[in-house]
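Colleague: Please find one structure pasted underneath; my questions will follow.
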Amino acid sequence: MMSDKLVRTFFYGSYINSEVLKQLNFTAIEPETAKLYGYDIVIKPIANLIKSDGGCVYGILASSTHSELNRLYSLTKEIFGVEYLPEPVLVETINGKFVPALCYICPEIKEVQATNEYVDKIFHPAKKSGFPQWYLNKLNSFRPAGPRTTKGSE
(Lines give C-alpha, C1' and ligand atoms only; values in the text may rest on other atoms or scores of the structure.)
Protein backbone atom coordinates (compact mmCIF):
# COMPACT_ATOMS: atom_id res chain seq x y z
CA MET A 1 0.00 0.00 0.00
CA MET A 2 1.35 3.45 -0.92
CA SER A 3 0.72 4.90 2.55
CA ASP A 4 3.02 2.25 4.08
CA LYS A 5 6.02 3.31 1.97
CA LEU A 6 8.80 4.92 4.00
CA VAL A 7 9.61 8.50 3.06
CA ARG A 8 12.39 10.73 4.33
CA THR A 9 11.17 13.81 6.19
CA PHE A 10 13.04 16.83 7.53
CA PHE A 11 11.84 17.90 11.00
CA TYR A 12 12.95 21.28 12.40
CA GLY A 13 10.64 22.25 15.28
CA SER A 14 9.49 20.39 18.37
CA TYR A 15 9.36 17.20 16.30
CA ILE A 16 13.16 16.98 16.58
CA ASN A 17 12.43 16.12 20.22
CA SER A 18 12.13 12.36 20.73
CA GLU A 19 10.08 12.89 23.92
CA VAL A 20 7.51 14.96 22.03
CA LEU A 21 7.28 12.28 19.33
CA LYS A 22 6.95 9.56 21.97
CA GLN A 23 4.02 11.42 23.56
CA LEU A 24 2.35 11.49 20.14
CA ASN A 25 3.08 7.77 19.58
CA PHE A 26 5.23 8.58 16.54
CA THR A 27 8.45 6.76 15.69
CA ALA A 28 11.10 8.47 13.58
CA ILE A 29 13.15 5.77 11.86
CA GLU A 30 16.91 6.28 11.39
CA PRO A 31 17.02 9.91 12.61
CA GLU A 32 20.12 11.90 11.69
CA THR A 33 21.18 15.52 11.91
CA ALA A 34 20.75 17.47 8.68
CA LYS A 35 20.43 21.00 7.35
CA LEU A 36 18.22 22.68 4.82
CA TYR A 37 19.46 25.64 2.76
CA GLY A 38 17.27 28.42 1.42
CA TYR A 39 15.04 28.68 4.48
CA ASP A 40 15.09 30.33 7.89
CA ILE A 41 13.34 29.22 11.06
CA VAL A 42 10.83 31.33 12.99
CA ILE A 43 9.22 30.38 16.29
CA LYS A 44 6.19 32.60 16.77
CA PRO A 45 4.54 30.82 18.68
CA ILE A 46 5.51 27.47 17.08
CA ALA A 47 8.25 26.62 14.62
CA ASN A 48 7.82 27.30 10.93
CA LEU A 49 10.05 27.93 7.94
CA ILE A 50 10.23 30.93 5.65
CA LYS A 51 12.12 31.16 2.37
CA SER A 52 15.48 32.91 2.71
CA ASP A 53 18.19 33.00 0.03
CA GLY A 54 21.01 32.96 2.58
CA GLY A 55 19.21 30.96 5.24
CA CYS A 56 20.02 27.59 6.73
CA VAL A 57 17.90 25.51 9.08
CA TYR A 58 19.15 22.59 11.15
CA GLY A 59 16.94 19.66 11.97
CA ILE A 60 16.51 15.92 11.95
CA LEU A 61 16.09 13.80 8.83
CA ALA A 62 14.10 10.62 9.52
CA SER A 63 11.92 8.07 7.78
CA SER A 64 8.26 7.38 8.36
CA THR A 65 5.21 6.32 6.38
CA HIS A 66 2.82 8.70 4.68
CA SER A 67 -0.01 7.48 6.91
CA GLU A 68 2.01 8.19 10.06
CA LEU A 69 2.98 11.65 8.78
CA ASN A 70 -0.66 12.38 7.97
CA ARG A 71 -1.62 11.34 11.50
CA LEU A 72 1.15 13.45 13.05
CA TYR A 73 0.30 16.59 11.14
CA SER A 74 -3.44 16.07 11.71
CA LEU A 75 -2.62 16.16 15.42
CA THR A 76 -0.64 19.36 14.84
CA LYS A 77 -3.68 20.93 13.21
CA GLU A 78 -5.91 19.74 16.04
CA ILE A 79 -3.58 20.99 18.81
CA PHE A 80 -2.37 24.28 17.30
CA GLY A 81 -5.11 25.07 14.80
CA VAL A 82 -2.69 25.48 11.88
CA GLU A 83 -2.11 23.29 8.85
CA TYR A 84 1.39 22.25 7.78
CA LEU A 85 1.70 21.09 4.19
CA PRO A 86 4.42 18.83 2.73
CA GLU A 87 6.93 20.35 0.35
CA PRO A 88 9.79 18.58 -1.43
CA VAL A 89 13.24 19.74 -0.32
CA LEU A 90 16.87 18.71 -0.63
CA VAL A 91 18.69 18.43 2.72
CA GLU A 92 22.33 17.84 3.53
CA THR A 93 23.17 15.24 6.17
CA ILE A 94 25.91 15.77 8.73
CA ASN A 95 28.09 13.54 6.49
CA GLY A 96 27.67 15.86 3.50
CA LYS A 97 25.22 13.65 1.57
CA PHE A 98 22.31 15.41 -0.17
CA VAL A 99 18.98 13.64 0.30
CA PRO A 100 15.53 14.47 -1.13
CA ALA A 101 12.90 14.71 1.62
CA LEU A 102 9.52 16.10 2.55
CA CYS A 103 9.36 19.11 4.83
CA TYR A 104 6.12 20.30 6.40
CA ILE A 105 5.65 24.07 6.30
CA CYS A 106 2.66 26.16 7.35
CA PRO A 107 1.68 28.73 4.71
CA GLU A 108 0.37 31.14 7.35
CA ILE A 109 0.61 31.36 11.15
CA LYS A 110 -0.61 34.25 13.26
CA GLU A 111 2.64 35.42 14.84
CA VAL A 112 2.72 35.69 18.63
CA GLN A 113 5.52 35.32 21.18
CA ALA A 114 6.85 31.80 21.76
CA THR A 115 7.06 30.43 25.29
CA ASN A 116 10.25 29.30 27.01
CA GLU A 117 8.68 25.87 27.42
CA TYR A 118 8.15 25.51 23.66
CA VAL A 119 11.62 26.83 22.76
CA ASP A 120 13.12 24.33 25.25
CA LYS A 121 11.44 21.48 23.33
CA ILE A 122 13.60 22.48 20.36
CA PHE A 123 16.70 23.92 22.04
CA HIS A 124 17.66 20.93 24.21
CA PRO A 125 17.51 18.26 21.48
CA ALA A 126 19.22 20.71 19.08
CA LYS A 127 22.09 21.07 21.54
CA LYS A 128 22.22 17.30 22.10
CA SER A 129 22.29 16.73 18.31
CA GLY A 130 25.33 19.01 17.93
CA PHE A 131 23.69 21.92 16.12
CA PRO A 132 26.21 24.81 15.85
CA GLN A 133 26.31 27.49 18.55
CA TRP A 134 25.15 30.24 16.18
CA TYR A 135 22.00 28.20 15.52
CA LEU A 136 21.41 27.56 19.22
CA ASN A 137 21.71 31.33 19.76
CA LYS A 138 19.12 31.86 17.03
CA LEU A 139 16.72 29.44 18.73
CA ASN A 140 17.22 31.28 22.03
CA SER A 141 16.41 34.59 20.31
CA PHE A 142 12.75 33.51 20.10
CA ARG A 143 12.37 33.38 23.88
CA PRO A 144 10.31 36.05 25.63
CA ALA A 145 12.33 39.08 26.73
CA GLY A 146 13.27 39.24 30.40
CA PRO A 147 14.85 36.79 32.80
CA ARG A 148 15.06 33.18 31.70
CA THR A 149 12.97 30.78 33.71
CA THR A 150 14.40 27.54 32.36
CA LYS A 151 17.62 25.81 33.31
CA GLY A 152 20.28 24.97 30.76
CA SER A 153 19.05 27.28 28.04
CA GLU A 154 21.99 29.62 28.03
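Colleague: Would you grab the residues whose amide H sits under 5 Å from the one on Gly55? Only those 5+ places off in sequence or on another chain, please, with H modelled 1.01 Å from N.
Modeller: Gly38, Tyr39
Colleague: Right, another one. Tell me the mean residue ellipticity at 222 nm calculated for the chain from its helices only (DSSP H runs of n ≥ 4, each -39500 (n - 2.57), averaged over every residue, nearest 500).
Modeller: Taken over the chain, the calculation gives -8000 deg cm²/dmol.
Colleague: Cys106's amide H: which non-local residues (gap 5+, or another chain) put their own amide H closer than 5 Å, with H modeled 1.01 Å from N in plane and none for Pro or chain starts?
Modeller: Leu49, Leu85
Colleague: Then there is this: Starting from the eigenvalues of the Cα gyration tensor, five times each then square-rooted, give me the equivalent ellipsoid semi-axes of region 46-132, largest first, whole Å.
Modeller: 21, 18, 14
Colleague: Using the heavy atoms of the protein chains alone and a 1.4 angstrom probe, what is the accessible area of the chain per residue in square angstrom?
Modeller: With all protein chains present, the chain gives 55 Å² per residue.
Colleague: Now, a different point. Reported to two decimal places, what Rg/Rh ratio describes the chain when computed on Cα atoms with Rh from the Kirkwood expression?
Modeller: 0.94
Colleague: Tell me, what HN-Hα J-couplings in whole Hz come from the Karplus equation 6.51 cos²θ - 1.76 cosθ + 1.60 at θ = phi - 60° for each residue of region 74-80, using x for Gly and Pro?
Modeller: Karplus values, whole Hz, x for Gly and Pro: 5, 5, 4, 5, 5, 6, 9.
Colleague: Can I ask one more? Taking Cα centroids, how far is region 66-97 from region 110-149 in Å?
Modeller: Using only Cα atoms, the two centres lie 20 Å from each other.
Colleague: Would you mind checking the tilt of helix 116-128 against the longest principal axis of the Cα atoms of the chain, expressed as 0 to 90 degrees and rounded to 10?
Modeller: Approximately 70 degrees, to the nearest ten.
Colleague: I want the local charge near Leu61. Using Cβ-Cβ distances under 15 Å, sum +1 for each Lys or Arg and -1 for each Asp or Glu among the other residues.
Modeller: Computed value for this residue: -1.
Colleague: I would also like to ask the following. In the chain, carbon and sulfur make up what percent of the accessible area (probe 1.4 Å)?
Modeller: Carbon and sulfur together cover 54 percent of it.
Colleague: Here is a further query. Of all alpha-carbon pairs in region 1-75, indicate the percentage at a distance above 19 angstrom.
Modeller: Of the Cα pairs, 38 percent sit more than 19 Å apart.
Colleague: Which order do peptides 87-93, 132-138, 42-48 fall in by mean Cβ count within 10 Å, highest first?
Modeller: 42-48, 87-93, 132-138
Colleague: Moving on to the next point. Just to check I understand the Karplus step: with θ = phi - 60° and J = 6.51 cos²θ - 1.76 cosθ + 1.60, what whole-Hz values come out for region 14-25, glycine and proline as x?
Modeller: Ordered by residue, 3J(HN,Hα) equals 5, 7, 7, 8, 4, 5, 5, 5, 4, 4, 9, 6 Hz.
The values are calculated or read from the model by the stated rules, or taken from the named source; none is laboratory data. The shown structure was predicted, so the numbers you read here are calculated from the model rather than taken from an experiment. Cβ atoms come from the backbone with ideal geometry, glycine included; neighbour counts cover every protein chain shown. Quick note on the areas: whole protein, heavy atoms, side chains included, nothing else; ligands and nucleic acids left out. Shrake-Rupley method; radii C 1.70, N 1.55, O 1.52, S 1.80 Å.
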